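Novice: Dropping a structure here in structure tokens format, bear with me for questions.
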Amino acid sequence: MSQDRGSVELVDVTKRFGSMVAVDTLNLDVHAGEFLSLLGPSGCGKTTTLRMLAGFEQPDEGFIRISGEFVQGVPAYKRDVNTVFQQYALFPHMTVAENVAYGLRQRHVSKSDIAARVTEALDMVKMRPLADRKPRQMSGGQQQRVALARALVNRPSVLLLDEPLGALDRKLREEMQIELKLLQSQLGITFVFVTHDQEEAMGMSDRIAIMLDGHVEQLADPETVYEHPSSAFVAGFIGRNNFWKGVSTAQGVHADDGTEFVASNPEEKVAPGQPALAAIRPECIHLSSTDPGHVINVIEGAVAGVSHYGDVLQYVVRTADRDVLALLPRQGAVRLAPGDPVWCHWQASEVYQFSAEQADLVLQDPAAEAQPG
Amino acid sequence: MKRYFTVSSALGVWTGAVIVFLFTPIAFLVAMSFNDYKSIFKWTHFSTRWWGHMMQNTSLTSSVRVSLEVAFVSTALALILGTFAGLALAKRPGKWTAGFVGIILLILVTPEIVDGAGQLSWFVLLGGPFRTGLTPIVLVHTVFSSAVVTLIVRARVAGLDERLEEAAADLFATPRRAFFEVTLPLVMPAVLAGGMLAFTLSLDNVVSTSFVSPAGVTTFPNYVFGLSGGIIRPEVAAMATLFIASTLAAVGLVALALRRGGQSGTEIAATFTGN
């Protein structure tokens, strides 16, 4: 038991609501003491998965083990896990200190121990001065900290966090991300963190489970999911990508607009002649105002728009069939004006190649989204 | 600035007029309880003699006792029925919800004269305890009071964050403790407001009460209503004054309880107005 404390295992877990399959034969291993994010668009089943870990929902099929023990039919109040809720769900009729003490009281911890642990937990989130306030007398950020203290004071084997930063403004959210990560590494408690914000997941997690349609699409550390996305969906969801649809060739992809992609390390093997997707990240695209003189891994167009983001310049290049998004570091970037002819080119090592199965998911033009207005 | 002053003083005058309009009859009644004359329709001079008479008039005092007993018992029953019905409606809605709410609304909109006639014929058919003592009156009052409590509690529960009960369960509270420590305290303002309303409605009721009252059992309003020749003596005004004073005290106590429970002034006001 002790060496497993904090591990989570989901095996072939399925959860249906009526005819809707929220979680579909999901498999997931969470190591003890790791910070794991469940990342995905809304409706991907990440919150349902978390709620099954908390015990608010029971799986229809498959099984879940927490700290090595099966939790089938074990109600939420008997599970050694605690949750930080999306809107905090602090008890409005109790003070901050009473909120934090609630879990300890249920477990019949002695009064003096409760007082000491509540103080310790409030110190940890820097909320001790507000111990006698009611939740409605506090800002969202303060409520968030109390919710965290209320969960952590119980020293759970696993802490579940359901988009806890979603309601905070950007600056506060970034501060809390750093604090959460620090707390997690100090306490060594397993964190399962649900979010739809890929930057949040990338910044904090040891590993990320990217979810789609109720299953895990890829489970890996942030660098791997960025560098080696296992599917077109992951490539489009983590960071941004320019996608082309076409047909697989021996070396890469022949795109429908005629662009010839040669890939030196395809992520997905696609048999030649099959429909395929090629993808290039915006920061991997080089721009040149003169014809580079080769015919592979290049596309010709005209500058449609330039945006300055401080450290990077973003170009939208209009080609015959589509817009291409390119991000260039400000230092040494080629300066072009709208209307200038331009050639986008890239290294063969930067070409991703995927089967065309998820074409519909990723083929919204990223350049169109990036344009102002 | 000047314009603003004119508008705001006009509004002040208007507010004053509304208050005078609403409360003059009540103030008049209170004043008349200190009248020396034998009816409340003519003022002679100040006297407290009718306050003494009030205590000696046994048919008056026993009608008040009947009213209070009926009000307490029917409110208690309505609180139990209405609170759980409201919780069930808000927390476990299903196919039954619409029909159930329909019945409740039907209770509230049916003219009392119809209610009373129907209830009387039903009680006559049942006979026995339904035709003696306070039972028939209590039952009739409980019916409409529980409908009112149900609607108020349901509105409050529907406005509660449903995650709160999950949060309690997440923090190791059994369903029982979660209910008593989280749900019930948060629903309490609605229960108190519903209880006050139920109590008032019961004290107030004339029509259906007069239908089902067994012989020899009279509530205070029905006693006043049945005074012969419409002569209302100041002792009745004295009793009414006592009622007004105790109502104010009850409202004050409930507000105090809510404040203790951590409600803000606006939330307390919202509770009393049923929001």
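The values are calculated or read from the model by the stated rules, or taken from the named source; none is laboratory data. If you're wondering where the values come from, they're calculated on a predicted model, not measured in any experiment. Quick reminder, even Gly has a Cβ in these numbers, built from the backbone with ideal geometry, and neighbours come from all protein chains shown. SASA here: full protein model, heavy atoms, side chains in, ligands and nucleic acids out. Shrake-Rupley method; radii C 1.70, N 1.55, O 1.52, S 1.80 Å.
Novice: I'd like the trypsin sites (Lys or Arg not before Pro) in the stretch A:272-334 restricted to DSSP loop residues with at most 11 other Cβ atoms within 10 Å, sorted by number. List each step's numbers first, then the result.
Specialist: On the way: sites: A:Arg318, A:Arg322, A:Arg330; in loops: A:Arg322, A:Arg330.
Of the trypsin sites (Lys or Arg not before Pro), the ones in loops of the stretch A:272-334 whose Cβ has at most 11 other Cβ atoms within 10 Å are A:Arg330.
Novice: If you don't mind, another one. Restricting to bridges with both residues inside the stretch A:2-227, how much of the DSSP beta-bridge set is antiparallel, in percent to the nearest 5?
Specialist: So the antiparallel bridges amount to about 55 percent of the total.
Novice: Also, quick follow-up: Amide H neighbours of A:Gly62 under 5 Å, counting only residues 5+ apart in sequence or on other chains, H built in-plane at 1.01 Å?
Specialist: Close amide H contacts, sequence-distant or interchain: A:Thr14.
Novice: At a Förster distance of 22 Å, what's the computed FRET efficiency of B:Tyr37 paired with B:Leu242, Cβ-Cβ distance as r, to 0.05?
Specialist: Efficiency for this residue pair is about 0.65.
Novice: Can you list the residues of the stretch B:163-181 that have at least 50 square angstrom less accessible area with all protein chains present than in their chain by itself, probe 1.4 Å?
Specialist: When all protein chains are present, B:Arg163, B:Leu164, B:Glu166, B:Asp170, B:Leu171, B:Phe172, B:Arg177, B:Glu181 each give up 50 Å² or more of accessible surface.
Novice: Please find, in a Gaussian network model of chain B (springs between Cα atoms separated by less than 10 Å), the residue of B:Val114, B:Val149, B:Val64 whose mean-square fluctuation is greatest.
Specialist: So, out of B:Val114, B:Val149, B:Val64, the one fluctuating most is B:Val114.
Novice: If you don't mind, another one. Quick one, could you list the DSSP H helices from chain B stretching 15 Å or more along their long axis (Cα atoms) with average Kyte-Doolittle hydropathy of -0.5 or above?
Specialist: Both cut-offs are met by B:2-32, B:58-91, B:95-109, B:112-126, B:135-158, B:184-204, B:234-260.
Novice: Still on this structure, I have one more. Whole number please: convex hull volume per residue, Cα atoms of the stretch B:167-266, in Å³.
Specialist: Enclosed volume per residue, from the Cα hull, is 154 Å³.
Novice: Just how far, in whole angstrom, is the stretch B:101-145 from the stretch B:1-49 if you go by their alpha carbon centroids?
Specialist: Cα centroid of the stretch B:1-49 versus Cα centroid of the stretch B:101-145: 38 Å apart.
Novice: For the stretch A:232-246, just list the computed ³J(HN,Hα) in residue order, Karplus coefficients 6.51, -1.76 and 1.60, θ = phi - 60°, integers in Hz, with x standing in for Gly and Pro.
Specialist: 4, 4, 4, 4, x, 7, 8, x, 10, 8, 9, 10, 10, 9, x
Novice: Something else about it: Would you jot down the residues in the stretch A:100-120 that end up with at least 50 Å² less accessible area in the complete protein assembly than in the chain alone, with a 1.4 Å probe?
Specialist: Relative to the lone chain, where solvent access is computed with a 1.4 Å probe, the stretch A:100-120 loses at least 50 Å² at A:Tyr102, A:Gln106.
Novice: Sticking with this one: How much of the DSSP bridge set in the protein assembly as shown is antiparallel, in percent, rounded to the nearest 5? Write down the numbers at each step before the final one.
Specialist: Values: 60 of 79 bridges.
Looking only at bridges with both residues in the protein assembly as shown, the antiparallel portion is about 75 percent.
Novice: Using a basic spin-label model with each label point 7 Å from the Cα along Cα→Cβ, how many nm lie between B:Glu69 and A:Ala250?
Specialist: The two pseudo-label positions are separated by 10.5 nm.
Novice: Of B:Val207, A:Val118, which has the most accessible area and how do the rest follow, probe 1.4 Å?
Specialist: Sorted descending by solvent-accessible area, the residues read B:Val207, A:Val118.
Novice: Ranked by accessible surface with a 1.4 Å probe, highest first, in what order do B:Lys42, A:Lys245 come?
Specialist: Order by accessible area, largest first: B:Lys42, A:Lys245.
Novice: About its Cα centre, how strong a charge dipole does the stretch B:61-272 have in debye, to the nearest 20, once Lys and Arg get +1 and Asp and Glu get -1 at the Cβ?
Specialist: Working: 13 positive and 12 negative charges, 38 e Å.
Dipole size: approximately 180 debye.
Novice: Right, another one. When the distances between all Cα atoms of the stretch B:61-272 are binned every 5 Å from zero, what whole-number percent does each bin get?
Specialist: 1, 7, 13, 16, 17, 15, 12, 9, 6, 3, 1, 0, 0, 0
Novice: Further, regarding this structure: Sequence-distant or interchain residues sharing an amide H contact under 5 Å with A:Thr83, placed H: which?
Specialist: Amide H neighbours of A:Thr83, under 5 Å, 5+ apart: A:Leu160.
Novice: While we're looking at this one, here's another question. Which value, in square angstrom to the nearest 100, describes the accessible area buried between chains A and B on both sides, using a 1.4 angstrom probe?
Specialist: 2200
Novice: When the dipole is taken about the Cα centre of the stretch A:45-148, and only Lys, Arg (+1) and Asp, Glu (-1) are charged at their Cβ, what size is it in debye, to the nearest 20?
Specialist: On the way: 15 positive and 10 negative charges, 76 e Å.
Dipole about the Cα centre, nearest 20: 360 debye.
Novice: List the residues whose amide H sits under 5 Å from the amide H of A:Leu212, counting only those 5 or more places along or on another chain, with H placed 1.01 Å from N in the peptide plane.
Specialist: A:Glu217
Novice: Whenever you get a sec, compute what percent of the accessible area on the stretch B:61-272 sits on carbon and sulfur atoms (1.4 Å probe).
Specialist: Here it works out to 70 percent.
Novice: Can you give the Kirkwood hydrodynamic radius for the stretch B:1-75, in Å, rounded to one decimal and based on Cα pairs? Numbers along the way, then the final one.
Specialist: Values: mean 1/r = 0.0621 Å⁻¹.
Every distinct Cα pair counted, the radius reaches 16.1 Å.
Novice: If I model a spin label at A:Gln274 and A:Gln331 as a point 7 Å from the Cα along the Cα→Cβ vector, what separation in nanometres do I get?
Specialist: 4.3
Novice: Hey, can you list the residues from the stretch A:54-82 whose accessible area shrinks by 50 Å² or more with all protein chains present, relative to the chain by itself (probe 1.4 Å, no ligands or nucleic acids)?
Specialist: A:Tyr77
Novice: Pick from A:Asp311, A:Asp132, A:Asp340 the residue whose mean-square fluctuation is largest in a GNM of chain A, springs joining Cα atoms under 10 Å.
Specialist: A:Asp311
Novice: Could you pull out the pairs from A:Lys245/A:Lys269; A:Lys126/A:Lys181; A:Lys15/A:Lys46 whose alpha carbons sit more than 19 Å apart here?
Specialist: none
Novice: Could I ask something else about it? Placing one identical point scatterer on every Cα of the protein assembly as shown and ignoring solvent, what is log10 I(q)/I(0) from the Debye formula at q = 0.05, 0.11 Å⁻¹?
Specialist: Those come out to -0.42, -1.12, one per q.
Novice: In the stretch A:192-256, what percent of the accessible surface is made up of carbon and sulfur (1.4 Å probe, ligands and nucleic acids excluded)?
Specialist: Working: 1050 of 2260 Å².
Roughly 47 percent of what the probe reaches on the stretch A:192-256 is carbon or sulfur.
Novice: Given R₀ = 25 Å, FRET efficiency for A:Asn27-A:Asp360 by Cβ-Cβ distance, to 0.05?
Specialist: With a Förster radius of 25 Å, E is 0.50.
Novice: In Å², what does the accessible area per residue of the protein assembly as shown work out to with a 1.4 Å probe?
Specialist: Roughly 48 Å² per residue, with all protein chains present.
Novice: Right, next: Return the calculated 222 nm mean residue ellipticity for the protein assembly as shown, to the nearest 500 deg cm²/dmol, obtained by summing -39500 (n - 2.57) across DSSP H runs with n ≥ 4 and dividing by the residue count.
Specialist: -14500 deg cm²/dmol
Novice: If r is the Cβ-Cβ distance from B:Ser47 to A:Lys111 and R0 is 35 Å, what FRET efficiency results, to the nearest 0.05?
Specialist: Efficiency, rounded to the nearest 0.05: 0.05.
Novice: If I model a spin label at B:Ser121 and A:Phe17 as a point 7 Å from the Cα along the Cα→Cβ vector, what separation in nanometres do I get?
Specialist: In this crude spin-label approximation the distance works out to 4.9 nm.
Novice: Ok, one more. Restricting things to alpha carbons, find the Rg to Rh ratio for the stretch A:277-370 using the Kirkwood radius for Rh. Walk me through the numbers on the way to the answer.
Specialist: Values: Rg = 13.1 Å, Rh = 13.8 Å.
Looking at the stretch A:277-370, the ratio lands at 0.95.
Novice: Still on this structure, please answer the following. Can you give the percent of C-alpha pairs in chain A whose distance is more than 40 Å?
Specialist: 28
Novice: Quick one: order B:Arg65, A:Arg5, B:Arg177 from most to least accessible surface, probe 1.4 Å.
Specialist: Numbers: B:Arg65 140, A:Arg5 100, B:Arg177 70 Å².
From most exposed to least exposed: B:Arg65, A:Arg5, B:Arg177.
Novice: Same structure, new question: Quick one: accessible surface of A:Glu69, probe radius 1.4 Å, all protein chains present, in square angstrom to the nearest 10.
Specialist: 110
Novice: Now, a different point. Place a +1 charge on the Cβ of each Lys and Arg in the stretch A:241-370 and a -1 charge on the Cβ of each Asp and Glu, then give the dipole magnitude about the Cα centre in debye, rounded to the nearest 20.
Specialist: 260
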